[in-house]
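I have placed the structure first, in the form of structure tokens, so that the comments after it can refer back to it.
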2 protein chains.
Amino acid sequence: MTTVTNGGRARIGVLISGSGTNMAALLYASRAADCPFEIAVVGSNRAEAPGLALAAGEGIDTFAIPHGGITRADHDAAVDERLRGAGCDYVALAGYMRILSADFVAGWAGRMVNIHPSLLPAYKGLDTHARAIAAGDSHGGCSVHLVTPELDDGPVLGQTRVAILPGDDAGSLATRVLIAEHQLYARCLAALVKADRARTGR
Amino acid sequence: MTTVTNGGRARIGVLISGSGTNMAALLYASRAADCPFEIAVVGSNRAEAPGLALAAGEGIDTFAIPHGGITRADHDAAVDERLRGAGCDYVALAGYMRILSADFVAGWAGRMVNIHPSLLPAYKGLDTHARAIAAGDSHGGCSVHLVTPELDDGPVLGQTRVAILPGDDAGSLATRVLIAEHQLYARCLAALVKADRARTGR
């Protein structure tokens, strides 16, 4: 069941573990009057994540649920409760460095998205840019995908290719891909919300 | 006279002086199939501007016209010739650290845009973030505006407010505002192109 209602904007819960730059990109994208979503809440497994202070400063509700001394299932259940309590229609993962339990993922099937810094299905997991450079690839990039129980494996909603330049290292490539990520994530999330609304008529 | 033709995408010439992150944001935004613009050419007054290598790596036509040993009018005329030769419909300034001659600006009236890191009309010119912090402002932000002969003075097409956080310095605020800039610039440029097309029927 989706709680998206006609006329209002879809409410997004964003989960982060660090600086939250993709969260910030979604937040500033949502400042456009015609953006079909708004950021309802930002949560983290790390109370000190800089992105939480950023969101709070922008007037967004935030929460931190540390993952230490608690089972994965219990942690995810606590996060889920906060997201649902905030009336979220969708969940956007933005640098959330957690493996998610199957129940949590199933509860948001079709309504949880992630951004991954590679041209999926290439380079699932970590160190994507270093691997792409080491392989001699001409391009890296980023992908927005629906989240399924398998890591970085859900249906891809959109991708942007980013040229690998002579002399690139993982850091320099990451800096450019991040610019592409910020454009792609906002665009794909808006398109998902619009497509769901067109399909459900709400 | 605008050369925008029905069906094709508006051709954008981007002028940069440095890393060109706003140029990159426009470029990656233009990778969306429904984006109404494409980057036709990227030019700079500095041959070593990193953004030129980025653009060239992405297959974009580039040019560098150093500003040393040449009058402002002659430099601007040379830049203008390159932009027109590339069939540009619009010019987007993206960290182009040059004062523009009146003739150059007049030649692109209504079709040259700039992004400025403040909530105009506040803080025209340089050091905008430091000035906003020193003034005790609650928010900084960014503005996209049409370029007129007066510096940072043309009609504002869009703005995004960015909260100033406790402990912010000019650098930390600039980092967050830049994320907002990248969203705002792509959105405002797309809106300008669409509005012009709706108005002219082309």
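Structure notes:
Here is a yes/no grid of residues against (1) buried (at least 20 other Cβ atoms within 10 Å of the Cβ); (2) farther than 22 Å from B:Ala33 by Cα; (3) out of contact with any Gly (no Cβ under 9 Å at 6 or more places or on another chain):
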site	(1), (2), (3)
A:Asn114	yes, no, no
A:Ser118	yes, no, no
A:Asp127	no, yes, yes
A:Ile133	no, yes, no
A:His145	yes, no, no
A:Leu165	no, yes, no
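- Among (1) crowded, with 22+ Cβ neighbours inside 10 Å; (2) away from every other protein chain (no Cβ under 14 Å), the one test that B:Gly87 misses: (1)
- Selection status of A:His182, under 12 Å from A:Ser118 (Cα atoms) and not hydrophobic (A, V, I, L, M, F, W, C): no
- In the range B:156-169, the qualifying residues are those that are free of Cβ contacts under 8 Å to residues at least 40 places away in the same chain and in contact with a Ser or Thr (Cβ under 8 Å, 6 or more places away or on another chain), and the one that is farthest from the other protein chains (Cβ to nearest Cβ) is B:Val156.
- Residues of the range A:33-83 that turn out to be within 18 Å of A:Val193 (Cβ to Cβ) and out of contact with any strand residue (DSSP E or B) (no Cβ under 8 Å at 6 or more places or on another chain), as a count: 3
- Residue within the range B:65-77 that is of a type in the set (A, V, I, L, M), assigned to a loop (DSSP other than H, G, I, E, B) and surrounded by 20 or more Cβ atoms within 10 Å (Cβ to Cβ) present: no
- Hits in the range B:124-175 (condition: within 18 Å of B:Thr21 (Cβ to Cβ) and among the hydroxyl-bearing types (Ser, Thr, Tyr)): B:Thr128, B:Ser143, B:Thr160, B:Ser172, B:Thr175
- Note on the range A:26-70: among residues that are among the β-branched types (Val, Ile, Thr) and in contact with a Ser or Thr (Cβ under 9 Å, 6 or more places away or on another chain), the one that is farthest from the other protein chains (Cβ to nearest Cβ) is A:Ile65.
- All of (1) surrounded by fewer than 16 Cβ atoms within 10 Å (Cβ to Cβ); (2) part of a loop (DSSP other than H, G, I, E, B) hold for A:Glu81 with one exception: (2).
- Count of the range B:173-202 residues, restricted to those that are more than 9 Å from chain A (Cβ to nearest Cβ), hydroxyl-bearing (Ser, Thr, Tyr), closer than 16 Å to A:Tyr28 by Cβ and surrounded by fewer than 22 Cβ atoms within 10 Å (Cβ to Cβ), is 0.
- The range B:150-202: number of residues that are part of a helix (DSSP H, G or I) and either among the hydrophobic types (A, V, I, L, M, F, W, C) or over 22 Å from A:Ile179 (Cβ atoms) (or both): 22
- Residue count for the range B:133-155 satisfying the condition of being free of Cβ contacts under 8 Å to residues at least 12 places away in the same chain, under 14 Å from B:Leu119 (Cα atoms) and among the aliphatic types (A, V, I, L, M): 1.
- Scope the range A:3-25; condition modelled with pLDDT of 95 or more, more than 14 Å from chain B (Cβ to nearest Cβ) and closer than 26 Å to A:Thr200 by Cβ; matching residues: A:Arg9, A:Ala10, A:Arg11, A:Ile12, A:Gly13, A:Leu15
The values are calculated or read from the model by the stated rules, or taken from the named source; none is laboratory data. Bear in mind that the values here come from a model prediction, so they are computed numbers and not experimental data. Ideal geometry is used to build each Cβ from the backbone, glycine not excepted, and the neighbour counts take in all protein chains shown.
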